[in-house]
Amino acid sequence: MYHFIQKFHSGWAYLVLIMLLIAVINAIIGLTSKKEFTAKDRKIALFALIATHTQLLIGLILYFVSPLGLASFGQMADKALRLTSLEHPLINIIAIVLITIGWSKHKKLTTSESKFKTFSVFYGLGLVLILSRIPWSLWF
């Protein structure tokens with residue numbers, strides 16, 4: 001069961017990264033070209049939000065069944081274990097919180113420019129944080 005969840009978490013991560021990248025690029029293009037915020041733009045951001053939240057749920061399940069998660073929490077001297085048991089989950093939760101804040105803030109905004117700017121900043125920060133804490137050595 002652990003290996004299936006781990007593979008699913010790793011595979012779903014590709015989808016999350018692609019969706020976040022598309023959402024950030026779409027928001028930057030919308031912001032710089034001064035285009036109108038449409039339902040298509042909202043759906044792109046929503047799908048990225050749903051993908052990241054799904055990844056969070058899969059990751060939390062994996063964290064509690066993995067030998068590299070909670071079970072190795074006391075071994076912070078080992079860089080690889082610290083990455084998988086502390087840094088990766090903590091930073092990615094912060095990233096998903098930022099993405100969620102960006103989604104929530106956009107609903108209160110009225111101008112297209114402010115909506116695109118909100119998505120560019122919050123989704124962009126979330127993407128950078130996620131990319132910074134991917135355990136690349138375990139992923140490939």
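Data for the structure
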| quantity | calculated |
| --- | --- |
| Test: residue in the stretch 58-80 that is without any contact (Cβ under 8 Å) to a residue 24 or more places away in the chain, more than 11 Å from the chain's Cα centre (by Cα), closer than 18 Å to VAL121 by Cβ and surrounded by fewer than 15 Cβ atoms within 10 Å (Cβ to Cβ) | no |
| Pairs where the first residue, in the stretch 25-37, is in contact (Cβ under 8 Å) with a residue 60 or more places away in the chain and the second is outside any helix (DSSP H, G or I) and buried (at least 20 other Cβ atoms within 10 Å of the Cβ), C-beta under 9 Å, 6+ apart | GLY30/PHE37 |
| Residue within the stretch 125-136 that is of a type in the set (Ser, Thr, Tyr), assigned to a helix (DSSP H, G or I), surrounded by 14 or more Cβ atoms within 10 Å (Cβ to Cβ) and on the phi < 0 side of the Ramachandran plot present | no |
| Positions within the stretch 37-46 being charged (D, E, K, R) and buried (at least 18 other Cβ atoms within 10 Å of the Cβ), in sequence order | ASP41 |
| Residues of the stretch 109-118 classified as without any contact (Cβ under 8 Å) to a residue 12 or more places away in the chain and part of a helix (DSSP H, G or I), total | 1 |
| Of residues in the stretch 37-55 being hydroxyl-bearing (Ser, Thr, Tyr) and under 16 Å from VAL97 (Cβ atoms), the one nearest to the chain's Cα centre (by Cα) | THR52 |
| Hey, PHE4 modelled with pLDDT under 95, more than 20 Å from the chain's Cα centre (by Cα) and under 21 Å from SER132 (Cβ atoms) or not | no |
| Condition met for GLU113 (modelled with pLDDT under 90, acidic (Asp, Glu) and surrounded by fewer than 20 Cβ atoms within 10 Å (Cβ to Cβ)) | no |
| All positions within the stretch 1-36 that are within 19 Å of ILE99 (Cβ to Cβ) and exposed (fewer than 13 other Cβ atoms within 10 Å of the Cβ) | TYR14, ILE18 |
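The values are calculated or read from the model by the stated rules, or taken from the named source; none is laboratory data. The shown structure was predicted, so the numbers you read here are calculated from the model rather than taken from an experiment. No Cβ is skipped: glycine too gets one built from the backbone with ideal geometry, and neighbour counts run over all protein chains shown.
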